[in-house]
Each structure stands twice: as C-alpha cells, then as structure tokens.
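One structure is given here, and the rest of the page talks about it.
The values are calculated or read from the model by the stated rules, or taken from the named source; none is laboratory data. Fair warning: this is a prediction, and the values are worked out from it, not measured in the lab. Cβ sites come from the backbone with ideal geometry, for glycine too, and all protein chains shown count toward neighbours. In case anyone asks, the SASA skips ligands and DNA or RNA and just uses the protein heavy atoms, side chains included. Shrake-Rupley method; radii C 1.70, N 1.55, O 1.52, S 1.80 Å.
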Amino acid sequence: MDTRLIQTAVLGNPESDEPVICPEDPEELVAFRLEHAENSWWCGINLPGGCGRRLTTRLCTDKICHFAHVPDPHGTSGSRRPCNRRLRGKEDADHLFIRADLARWLRQQNIEADLALPDPLGSAITARLDDGRLLVVHLDTVRAPAWDDEEVWEHILGPGCRISHEVLTRRGHVYRIRMEGTSDRGRRFSVAGIERAGEHTRWFDLANLTVTANGINTVDEAHSSRHEQATTTGTKQPATDQRSIVTVRPPSSAAPISREQRPSTAGRLDNAIYEESPARVKSAMLSLEDAIAKDGVESDELAALKAAYARGQRWLEKRARLRRTVIEQLQERVDARRDPGGLARQALDLVGEPDATDEDRVKVEAIQQQLQRVARERREAESRRKAEADRAAREEMQRAAKEQRLAFDQESARREQEVRSARLKSLVPSVRGGLKRAAGNGEMRTWQELQHKTGTRGLKGLSYEERVELLVLVGQKTPADEPLWSVLLIAHGDREALAMHRAVAAELGRDVTENDLELIAELTAQRAELHRLHQ
C-alpha cells in the first residue's frame, strides 16, 4: 500500500529509463490517460526504491492526482523487490530526466556517447564519449565528487550538490545542472549554469553549452571570442562559420549577459509554475510582457519569450479550471451534506490567488457560510444527542440506584425477618409451657402475666404482628380437633384480641365466625375445653 503520493513513473516496462510525471490537475490527467492509452506505467527499477510493479493513476479532487500500485489479486507483487519509494520525494526521477536531457544535448551536437546510471542508483550519470572521454553528472548531495579522478574528463554538479571554496578556487569554475520546472507535457527539464569563486551562478538553457575537443564552452562566449578575434584582425567571419567554436577557453565573466537576462525571466516563470505560485507567475508574465514590447529583440528570442508567456497563460487557464472543478465539487458535497474534506481549504486557497474572479470568491464565501451553518446544525444536533444520552444515562443510573436500594431493602427485610423468626421460635417453648400450666390451673393469661409467670423477657414489647406470628408458631402442632392455645390469651369483648385470634386461625387454616358475639361464645367454650383436657 502506498503511504505517500507517487508522482513519477517509467513508461513501458519495469526496466525502462523513460520517466514520466503524473499531472496533478484532474482535467490534465484525463488527457494524460488518453495520450498513454496504449502504454503502461511502472514503479521502475531505475527509480531509487522502485519495486518493478505496475502502476495506475488516481484522479482526485481533494488532493493532487498521483500514481498508485495496481492491487495484486493473488497477494504477490510479481517482483521480489520491496517498494521503498515511500522514503523518497517527487525528485526521485530527476536522474532519468537529466539523463534524457544529457543524451538529447549530446545528440544535437552529433556526439555519440554511452550513458549509464552507476550505483548507488540516482547518485550520478556517466557519459562515455566516442573519443573515450568520461563526463560525470554528480547527483549525490551528501558525498563530494572525486575531483582528482584522472579518468573523469569533466564533472557537472547536479541539484543541491556543494563544492568547497578551496576546490572552486583551484578549479576557477564549475558547471552545474538543475531541474528548472515542468514543460507543457508535465516533464521536468534541465538548465545549465556556471559557478565561479566569489560570484553567483549564471543559469541558462542547456543548449547554450557546447562540448569541444578541449572542453565545454558556452555559445555566447564562443561568439564573443570570435567577435574579439575579428575586431583584432580586422576581418569578418564567414556566415557559414557563425556556430563553429574555434578557440576554447574558460568562460569569462566579461561575456555579455543581455541575452541571458530575458530568458531568465522565462526561467523564473517556469520556477513559479513548478512551485505553484500564481502571484509569482503573474509577476513573471508582466516582466515577459515588458521584454516582448521592447525594441531590438531578435526573432528567435522573441519567439522564446512569447512561448514562455503562452506557457504561463496555459498554466493560469489550467489553474482556473482546477478552481472551477474544486468549487463545483465542494458545492456538490455541501449540498449533499457530506464532509468536504480538504476541498474547503483548497477552495479558499484558490480564490485567494490574484487571478481568481470576484464571482468565484462570492461562491466560495457563500459555500463557507453554508458550511458554517451545516457545522452549526451538526453541533446543535450533537449537543441534543449528547443531552439526550446524558439524560438517558442519568435515568439509567437512577433506575439502577433504585433497584440497588430496593434489593438492599429487600435483603435487609429478609435478614430482619430471619432474625425475628429465630427470636420468636426461641420463645415458643416457654409460651406453650406457660399456657399449658394455665390450662391445668383453669386460668387465663394476659401477655404481662405470661411474661411474669414464665420469666421470659422476650415477650415484653412484642408488636401486634410479632404476637400473631408467635401464636401461629405455638399452635402449629395443635391437633385439628383441639382448641388453639391462643384462646387463653384473649379477654372477653377485646376487639384487638378477637382480631388476633382470627389472624392466627386464618394462618393455621381454621374457620372462624365473623360475628363477634358468636366468636366470644366459641372462645369461651374452647377455653372450658382446654381446662377440662389438661386438669
């Protein structure tokens, strides 16, 4: 799985050294796919960390378009190489672009050369010329080139490579090469430069460098050299020899730079395009307009300036299409109340550019207000949901607490009942014995008399319910045809005593009349029966 956006690939097969950049704009990517409909893209082994697997393109609106590995349905990549391109940036194909530019540069001069990519991959490009000379483009930004290597005819430093002041002073100058930006087809291209001790590097098109039998020179300096020679000898150079280099010498800082000042504006434009800086693009285009309007501009230079200006216009138009696409996608997502992701931030950035229209700014502002309203509604809904969840949680906590209290109360009541039952059971023998003695003596008892006669302190202070329960325990073993012992504890006409007898009888399954007078007569007869049975 890719852990970053892969923006470079190679065409045709894993061993290819033909690099390609994935367009970042969705519309450009559609055209790119059509252009390469018969081709394929690969995570090439000539790319540092490349695994050799096939790539596809991903069209995105919330981030830049990019390459991605084609999923393998069988779980194998078809290559034993692990993919380590996640550790690299979008410059990982610069060595291939520089190699292609170097080959083209030499072919334009009818120079045959054998180009190679030595290990470690991406650290250098070597070109063995047909006369045996070795030209090395050094790309390793950490390790310095082998300046004293006698086999190397000339070194060219790549992007970011440094040279010590001592070495530069000893050599007098050094040639450089860098990636200037992207062309209309999305590829990066090389720009050459000359650095001298104590001076800024002068940059110009790679075509301005020429390989000769004795060294590397610039076309402008060669022209200047011929002009100086013609002035000294008083002769005019033949027109057919305008581009031949007769004398080769180290580049001179006295060479005219007026021709380079205008192309440098095109270079600034391409840099601004590569860095996606609309403000800098507009500024560079204004400079190009001034340069185009000047008198005395040669036709080839004027064509180059106009071509650069057209590149800027196309880039701004592409930027405008991207702006429209992003705004439309953002509006669709907001209307569908979907999360816009990074589109909102991207839209704000795009309408903040100097080329954006007031209409686009108004649209984005309205969408931002809509987003804020949707966000506010979501916050309110979330607040309501949270409040409802909190209320439900509180109710659940209250219910759980209530159940817990009820369970505690029930357990407490059960334990109290067990304690009371045990206490009442302990009183049964003394109460039954006291009532038996009263029956034998032909007497009745009150609760106070029973306590006094038996000496049982536990009878004092019993509640109505406890007295009923105790009498039920005392009468449980009484035969059904005999009176209950409780008839000896009931006074004549005492309503509480009558109610107590009815409650005890009901617990023991005996029928009792509802009429008090009849019940009193029955109780009197039952007491007489108890007296007779136990005398």
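A few notes on this one:
- Residues located in the stretch 27-48, provided they are at pLDDT 85 or above and either out of contact with any strand residue (DSSP E or B) (no Cβ under 7 Å at 6 or more places or on another chain) or within 15 Å of Glu91 (Cα to Cα) (or both): Cys43, Gly44, Ile45, Asn46, Leu47, Pro48
- All conditions but one from (1) assigned to a helix (DSSP H, G or I); (2) at pLDDT below 90 apply to Arg445; the one that does not is (1).
- First in the stretch 449-460 and assigned to a helix (DSSP H, G or I), second anywhere and among the polar types (S, T, N, Q), Cβ under 6 Å, 6 or more apart: Thr454/Ser430; Leu459/Gln451
- Only one of the numbered conditions (1) assigned to a loop (DSSP other than H, G, I, E, B); (2) under 23 Å from Ser430 (Cα atoms) is violated by Leu488, and that is (1).
- The residue that is least open to solvent (accessible area, probe 1.4 Å), counting only those in the stretch 13-57 that are of a type in the set (Ser, Thr, Tyr) and farther than 27 Å from Pro120 by Cβ, is Thr57.
- Screening Asp62, Asp72, Asp92, Asp114 for residues that are in contact with a helix residue (DSSP H, G or I) (Cβ under 6 Å, 6 or more places away or on another chain) and either of a type outside the set (Gly, Ala, Ser) or modelled with pLDDT of 85 or more (or both) leaves exactly one candidate, Asp62.
- Residue in the stretch 286-306 that is free of Cβ contacts under 8 Å to residues at least 12 places away in the same chain, open to solvent by less than 50 Å² (accessible area, probe 1.4 Å) and not in a loop (DSSP other than H, G, I, E, B) present: yes
- Enumeration of residues in the stretch 15-43 that are more than 22 Å from Ala320 (Cβ to Cβ) and touching a Lys or Arg at 6+ places or on another chain (Cβ under 8 Å): Asp17, Pro19, Val20, Ser40, Trp41, Trp42, Cys43
- Here Gln417, Gln448, Gln410 are screened, and the one residue that is of a type in the set (S, T, N, Q), more than 19 Å from Glu496 (Cβ to Cβ) and open to solvent by 100 Å² or more (accessible area, probe 1.4 Å) is Gln410.
- Residue match in the stretch 402-415 (condition: at pLDDT 85 or above and in contact with an Asp or Glu (Cβ under 9 Å, 6 or more places away or on another chain)): no
- From the options Arg399, Arg361, Arg321, residue that is surrounded by 10 or more Cβ atoms within 10 Å (Cβ to Cβ), out of contact with any helix residue (DSSP H, G or I) (no Cβ under 6 Å at 6 or more places or on another chain) and either assigned to a helix (DSSP H, G or I) or of a type outside the set (Phe, Trp, Tyr) (or both): Arg399
- Long-range neighbours under 8 Å by Cβ, at least six apart or interchain, first residue modelled with pLDDT of 80 or more within the stretch 316-341, second of a type in the set (Ser, Thr, Tyr): Thr325/Thr61; Val326/Thr61; Gln329/Thr61
- Some residue of the stretch 153-160 being modelled with pLDDT under 90, hydrophobic (A, V, I, L, M, F, W, C) and outside any helix (DSSP H, G or I): no
- Whether a residue is open to solvent by 60 Å² or more (accessible area, probe 1.4 Å), farther than 18 Å from Glu443 by Cα and either of a type outside the set (Gly, Ala, Ser) or at pLDDT below 90 (or both) was assessed, and Arg532 does not pass this test.
- Which listed residue is out of contact with any helix residue (DSSP H, G or I) (no Cβ under 6 Å at 6 or more places or on another chain), hydrophobic (A, V, I, L, M, F, W, C), closer than 20 Å to Lys477 by Cβ and not in a loop (DSSP other than H, G, I, E, B), from Ala499, Ala506, Ala521: Ala506
- Selected residue (only one of Arg314, Arg338 is more than 15 Å from Glu365 (Cβ to Cβ) and in a helix (DSSP H, G or I)): Arg314
- Applying a threshold of 9 Å to beta carbon distances and a minimum spacing of six or more residues, or different chains, the list of pairs starting in the stretch 150-166 at a residue that is within 12 Å of Ile177 (Cβ to Cβ) and ending at one that is open to solvent by 60 Å² or more (accessible area, probe 1.4 Å) and polar (S, T, N, Q) reads Gly158/Thr141; Pro159/Thr141; Gly160/Thr141; Cys161/Thr141.
- Out of Gln410, Gln398, Gln417, Gln369, one residue alone is without any contact (Cβ under 8 Å) to a residue 12 or more places away in the chain and within 30 Å of Thr456 (Cβ to Cβ). It is Gln417.
- Scan the stretch 86-119 for residues that are touching a residue at least 12 places away in the same chain (Cβ under 8 Å) and either under 38 Å from the mean Cα position of the chain (by Cα) or part of a strand (DSSP E or B) (or both) and the total you get is 19.
- Within the stretch 125-177, being open to solvent by 70 Å² or more (accessible area, probe 1.4 Å) and under 49 Å from the mean Cα position of the chain (by Cα) holds for Arg128, Thr141, Val142, Arg143, Arg162, His165, Glu166.
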